[in-house]
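Asks: Take a look at this one; I'll ask things after.
The values are calculated or read from the model by the stated rules, or taken from the named source; none is laboratory data. From a predicted model like this one, the values you see are computed outputs, not experimental measurements. Counting neighbours? That spans all protein chains shown, and the Cβs are built from the backbone with ideal geometry, glycine included. Accessible surface is based on the protein model in full, side chains and every heavy atom, while ligands, DNA and RNA are left aside. Shrake-Rupley method; radii C 1.70, N 1.55, O 1.52, S 1.80 Å.
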Amino acid sequence: MADAAAWLTIQPLGARVPVPAGQSLLEAALAAGIELPRSCRNGTCRACRCQMVSGSVRYRIEWPGLSPDEHEAGEVLPCVALPQGDVTLNQPLARRAST
Ligand code: FES
């Protein structure tokens, strides 16, 4: 397993996955077999939007598709969000990929 730069916890599923440096939260979740809602993967469609319970992120792109109010309320776009330390997301639609 690659060295984790941070850990991502996904509630209410209770999954905890490593996030290697340079990976978005969505990429790390998918690599660990956790399915999150998604579509464009480039920060525009908002399909992946969810609540960040704790932690902080920065974005790969300059203008992720979040309004200032949503940003203020702690909403994030995991497809383009890079964790700044450990992060916890609340995404009730997350599920473990069937094998
Ligand atoms: S998947 Fe489209 S904004 Fe994240």
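Asks: Name the residues in the stretch 47-65 that are more than 9 Å from the ligand (Cβ to nearest atom) and either in contact with a strand residue (DSSP E or B) (Cβ under 9 Å, 6 or more places away or on another chain) or touching a residue at least 40 places away in the same chain (Cβ under 8 Å) (or both), would you?
Replies: Selection gives Cys50, Gln51, Met52, Val53, Ser54, Gly55, Ser56, Val57, Arg58, Tyr59, Arg60.
Asks: Let me ask something else. Run down Ala97, Ala15 and say which single residue is open to solvent by less than 20 Å² (accessible area, probe 1.4 Å) and either free of Cβ contacts under 8 Å to residues at least 12 places away in the same chain or more than 16 Å from the ligand (Cβ to nearest atom) (or both).
Replies: Only one candidate qualifies: Ala15.
Asks: Further, regarding this structure: Consider Gly55 carefully, then state whether it is open to solvent by less than 30 Å² (accessible area, probe 1.4 Å) and either at pLDDT 95 or above or not small (Gly, Ala, Ser) (or both).
Replies: Judged against the criteria, Gly55 is not a match.
Asks: Please specify each residue of the stretch 31-46 satisfying the condition of being touching a residue at least 12 places away in the same chain (Cβ under 8 Å) and within 11 Å of the ligand (Cβ to nearest atom).
Replies: Those that are touching a residue at least 12 places away in the same chain (Cβ under 8 Å) and within 11 Å of the ligand (Cβ to nearest atom): Leu36, Pro37, Arg38, Cys40, Arg41, Asn42, Gly43, Thr44, Cys45, Arg46.
Asks: OK, next. Would you be able to tell me the number of residues in the stretch 19-33 that are farther than 14 Å from Ala81 by Cα and open to solvent by less than 30 Å² (accessible area, probe 1.4 Å)?
Replies: 1
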